[in-house]
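The numbers here are math on the coordinates, done by the rules we state, and not lab data. Predicted, not measured: the structure shown is a model, and the values here were computed from it. Cβ atoms come from the backbone with ideal geometry, glycine included; neighbour counts cover every protein chain shown.
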Amino acid sequence: MKLRGTAHKYGSNVDTDAIIPARYLNVSDAQELAKHCMEDIDTGFVRRVKPGDIIVAEANFGCGSSREHAPVAIKASGISCVVAGSFARIFFRNAINIGLPLLECPEAAAGCSTGDIIEVDLTSGEITNVTTGKKYRASPYPEFLLDIIKSGGLVSQTKKKLARAR
């Protein structure tokens, strides 16, 4: 599974309140959440982001509360993948559960800048900064996690499995 998009670069410790401010936690509609994604740390994000783009961040992306709103807002905004030096564990699991792929690679995070074109191969774990020509390697997804992502998330995967079992 290959993805390609423009990088939107952030630093370390981007918490879930920065991804989707707490004042929107009463919203459950994904598209409405997307309208406010990153607004407190990057007011132009929602105007610039295009379908397929990739967030690149330094260490500890998604720290803070365990709300699922944060990865939902990112995915609904059009982001196809997040590459970071490291992720908060609960954010990582929430993202996989909704079908948002994440790759942990400190070298790629350090070697990418806003505006770079990034290619990600989720099957091999290869990350290519097309703009600079540099390649990086993250751990590839095991097949069972890749299946969740390809299915669009854990709920979608479960529905598909139940439909096949009938």
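In terms of modelled amide H atoms, which long-range or inter-chain residues lie less than 5 Å from the amide H of Ser12?
Amide H neighbours of Ser12: Glu58, Ala59.
With 26 Å as the limit, write out which pairs from Lys2/Lys135; Lys50/Lys160; Lys135/Lys161 have Cα-Cα distances beyond it, or answer none.
Lys50/Lys160; Lys135/Lys161
For the chain, what is the mean residue ellipticity at 222 nm derived from helices alone (per DSSP H run of n ≥ 4: -39500 (n - 2.57); sum divided by total residues; nearest 500 deg cm²/dmol)?
-9000 deg cm²/dmol
Considering only DSSP beta bridges with both partners in the chain, what is the antiparallel share in %, to the nearest 5?
For the chain, the DSSP antiparallel bridge percentage is about 50.
Amide H of Leu103: which non-local residues (sequence gap of 5 or more, or other chain) have their own amide H closer than 5 Å, using H built in the peptide plane?
Amide H to amide H, under 5 Å and 5 or more residues apart or across chains, Leu103 pairs with Val82, Val83, Ala84.
Shape call for the stretch 1-123 from the C-alpha gyration tensor, a ≥ b ≥ c root eigenvalues: rounded (a/c under 1.5), prolate (a/b greater than b/c) or oblate?
Note, shape of the stretch 1-123 comes out rounded.
With +1 on each Lys and Arg Cβ and -1 on each Asp and Glu Cβ, and nothing else charged, work out how big the dipole of the stretch 2-165 is about its Cα centre, in Debye to the nearest 20.
Dipole of the stretch 2-165, to the nearest 20 debye: 540 debye.
Sorted by average packing, counted as other Cβ atoms within 10 angstrom per residue and highest first, what order do 31-37, 91-97 take?
91-97, 31-37
With labels modelled as points extended 7 Å from the Cα through the Cβ direction, what inter-label distance (nm, one decimal) is found for Leu145 paired with Arg89?
1.3
Between Thr131 and Lys161, what's the calculated FRET efficiency when r is the beta-carbon distance and R0 is 45 Å? Round to 0.05.
Calculated value: 0.70.
Just report the Cα centroid separation between the stretch 1-53 and the stretch 125-166, whole Å.
Rounded to whole Å, the Cα centres lie 20 Å apart.
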